[in-house]
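Report on the following structure.
The values are calculated or read from the model by the stated rules, or taken from the named source; none is laboratory data. Given the structure is predicted, the values throughout are model-derived calculations rather than measurements. We place every Cβ from the backbone using ideal geometry, glycine too, and count neighbours over all the protein chains shown. Heavy atoms of the whole protein, side chains included, go into the accessibility calculation; ligands, DNA and RNA do not. Shrake-Rupley method; radii C 1.70, N 1.55, O 1.52, S 1.80 Å.
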Amino acid sequence: MFFRSLPSLSFRFVVSPCASLISPPVRSLLPSSNPKFRSDSLLRLYSSSADTPPPAPVSSDNINNDDDESRRTQNKNANKNSKQNRRDNIGKAKAVDRGQYQNRYVHRPNNPLSGLPDTSKPFTVLGIETSCDDTGVAVVESTGKILGESIASQAGIHENFGGIVPGLAKEAHAANIQATIADALDKAGMDVRDVDAIAVTVGPGLEICLRVGCEAAKTLAIAHSKPFVGVHHLEAHILMSRLNSSLEFPFLSLLVSGGHCQLLRCDGIGSYEVIGGTLDDSLGEAYDKVARMLNLPVGGGGGPAVEALAKNGDPSVVKLPIPMQHRKDCDFSFAGLKNAFRMAVNKMKEIRGLEEGGDLAEQDKADLAASFQNVAIKHLEQRLKLAISNTKRDTPAIDKLVVVGGVAANKAIRESLSNICEANEWNFFVPEARLCTDNGVMAAWAGIEKINCNISDVPTTQEVFARYPFSNN
Ligand code: KG4
Ligand code: ZN
């Protein structure tokens, strides 16, 4: 569930060599005698610009009136430019998705920068995921066996705010990371010294949250001289479809999460081509907003609550428009549907004689939820049918679809997309529902997949990336 509150410009935080940046929470997992680590540097971990207090609010009294005219001209020009930009961008997916069109995320085969475990026999990877609101850690064996898994959910923390508050998420990650790592290791019956490598999500996501997991992983990898792998969060979602399955490359992937809605052609580890992205909101974001409009629980993402409610609703009661029906490309859009939904909620309140803040009856909410889900699924189906028909024409070797990301946990979506595959004689793959949303297993498994391609990274210089296109340049 990231990106919703991220600034539009990409921002990179360069981490200094982590021998001097030890996350306090992982201290007790470190060998106490290691001379590389000095306790006087502990406080430096959280002293980046992202933690600087926001500037004091500017009062209108303080604004110099002499500047008014030039400011008005500047604003006018800025508006003109932004209108022109909007016009230029009509019909193209929004920056975060569109930025990935021409790029390929190219891996570095046969260049394991921090060494590799012995891959001739089963090996284990400790995976850490803190890209958004849950602290996920797991120990996974290269055979696909999940040896130990732990998640510290932040659902209760963000519930009252109606969405994820990045600062609170970071604090919760920092508070929970040590216990979550210890718990996953404990469940695996292992000590950190026993694992063969350490993998961690390094982007995309909330930068201050990513950094907590990344510092923990770097610290452990250096302290225990373990091979280290930086994992791409979207790639990790995609690769979950290969955990304990017979799925081989190439295949088509529909990635539906809180931050993304993309169709990708997946040719191999590190080789992905985005063939469709969202023009505006992601599907997870739309589910979360619908949940908020219906006063449903949204702490851990509103999707599950909307799905549960939709089961009791009649989708024909409220008519909502299917987005972009006449467009012949594989892009998505959910902003129009979200606005139509808002209007439908207000209309329903008006019909029931409720004030704007009043709460609708359970059945009305269920009908609204069912209508939203029904139209969202129709939109996915239409884009997917087009993508499959294009793929059949251009790349007949591909006859498989995987659906991944948090929204892929949705049963109705799984069923409808599986039916489309069946009708097209395509194979359909989807991870176990609980492994669709963010978790530590995905980081560990992506680490395993990369190690199997002879890839590892340098822990001392690993950065985190709020925006992380499928490209390494
Ligand atoms: O992949 P994820 O855990 O985080 C991101 O990488 O963004 O996806 C979270 C999103 C949230 O928007 C959440 O509401 C949605 O996935 N989600 C669902 C369901 N479970 C989670 N949406 C619809 N139905 C579900 N059952
Ligand atoms: Zn995710």
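So, in the range 116-155, exactly how many residues are open to solvent by 10 Å² or more (accessible area, probe 1.4 Å), modelled with pLDDT of 95 or more and in a loop (DSSP other than H, G, I, E, B)?
Qualifying residue count, the range 116-155: 10.
Let's see how each residue does on (1) of a type outside the set (S, T, N, Q); (2) away from ligand 1 (no atom under 16 Å from the Cβ):
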{"position": "377", "(1), (2)": "yes, no"}
{"position": "390", "(1), (2)": "no, yes"}
{"position": "393", "(1), (2)": "yes, yes"}
{"position": "442", "(1), (2)": "yes, no"}
{"position": "465", "(1), (2)": "yes, no"}
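Residues to consider are 386, 401; find the one that is away from ligand 1 (no atom under 16 Å from the Cβ), buried (at least 23 other Cβ atoms within 10 Å of the Cβ) and in the same structural domain as residue 305 (by TED's automatic domain parsing). Don't jump to the end; show me each part of the working.
Details: 386 fails: buried (at least 23 other Cβ atoms within 10 Å of the Cβ).
After applying the criteria, what remains is 401.
Quickly run through the range 195-247 and pick out the residues that are modelled with pLDDT of 95 or more and on the phi > 0 side of the Ramachandran plot.
Matches in the range 195-247: 225, 244.
Of (1) modelled with pLDDT of 95 or more; (2) open to solvent by 10 Å² or more (accessible area, probe 1.4 Å), residue 112 satisfies all except one. Which?
Failed condition: (1).
Can you find, within the range 297-323, the residue that is nearest to residue 381 (Cα to Cα) among those that are surrounded by fewer than 18 Cβ atoms within 10 Å (Cβ to Cβ) and among the hydrophobic types (A, V, I, L, M, F, W, C)? Outline the logic, then answer.
First pass over the range 297-323, keeping only residues surrounded by fewer than 18 Cβ atoms within 10 Å (Cβ to Cβ): 297, 308, 311-312, 314, 316-317, 319, 321-322.
Applying the additional criterion that residues be among the hydrophobic types (A, V, I, L, M, F, W, C) yields 308, 317, 322.
On the way: 308: 21, 317: 21, 322: 11 Å.
Result: 322.
Do any residues in the range 262-288 that are over 20 Å from residue 374 (Cβ atoms) and within 12 Å of ligand 1 (Cβ to nearest atom) have Cβ atoms under 7 Å from those of residues that are open to solvent by less than 10 Å² (accessible area, probe 1.4 Å) and not aliphatic (A, V, I, L, M), where the two are at least six apart or on different chains, and which pairs are they?
Matching pairs, first to second residue: 262/97; 262/276; 262/277.
Tell me which of these residue 406 doesn't satisfy, since it passes every other one: (1) out of contact with any Lys or Arg (no Cβ under 6 Å at 6 or more places or on another chain); (2) open to solvent by less than 10 Å² (accessible area, probe 1.4 Å); (3) under 21 Å from residue 132 (Cβ atoms).
Only one criterion in (1) out of contact with any Lys or Arg (no Cβ under 6 Å at 6 or more places or on another chain); (2) open to solvent by less than 10 Å² (accessible area, probe 1.4 Å); (3) under 21 Å from residue 132 (Cβ atoms) is unmet by residue 406, namely (2).
Applying the selection to the range 419-440, what residues are part of a loop (DSSP other than H, G, I, E, B), open to solvent by less than 80 Å² (accessible area, probe 1.4 Å) and within 16 Å of ligand 2 (Cβ to nearest atom)? Even if it seems obvious, please write down each step before you answer.
Applying the first criterion (part of a loop (DSSP other than H, G, I, E, B)) to the range 419-440 yields 424-426, 430-432, 436-439.
Checking the rest, the ones that are also open to solvent by less than 80 Å² (accessible area, probe 1.4 Å) come to 424, 426, 430-431, 436-439.
Passing the criteria: 430, 431, 436, 437, 438, 439.
So is residue 247 more than 16 Å from ligand 2 (Cβ to nearest atom), in contact (Cβ under 8 Å) with a residue 40 or more places away in the chain and of a type in the set (A, V, I, L, M, F, W, C) or not?
Working: more than 16 Å from ligand 2 (Cβ to nearest atom): yes; in contact (Cβ under 8 Å) with a residue 40 or more places away in the chain: yes; of a type in the set (A, V, I, L, M, F, W, C): yes.
Criteria met by residue 247.
Has the range 283-291 got at least one residue that is under 16 Å from the mean Cα position of the chain (by Cα), closer than 15 Å to residue 335 by Cα, away from ligand 2 (no atom under 15 Å from the Cβ) and at pLDDT 90 or above? Show your work before the answer.
Filtering the range 283-291 for residues under 16 Å from the mean Cα position of the chain (by Cα) gives 283-288.
When the remaining residues are screened for being closer than 15 Å to residue 335 by Cα, the result is 283-288.
If we keep only those that are away from ligand 2 (no atom under 15 Å from the Cβ) as well, we get 286.
Okay, now just the ones that are also at pLDDT 90 or above, so 286.
Yes, the conditions are met somewhere in the range 283-291.
Here is a list: 210, 243. Which entry is more than 14 Å from ligand 1 (Cβ to nearest atom) and among the aliphatic types (A, V, I, L, M)?
Numbers: 210 fails: more than 14 Å from ligand 1 (Cβ to nearest atom).
Of 210, 243, the one residue that is more than 14 Å from ligand 1 (Cβ to nearest atom) and among the aliphatic types (A, V, I, L, M) is 243.
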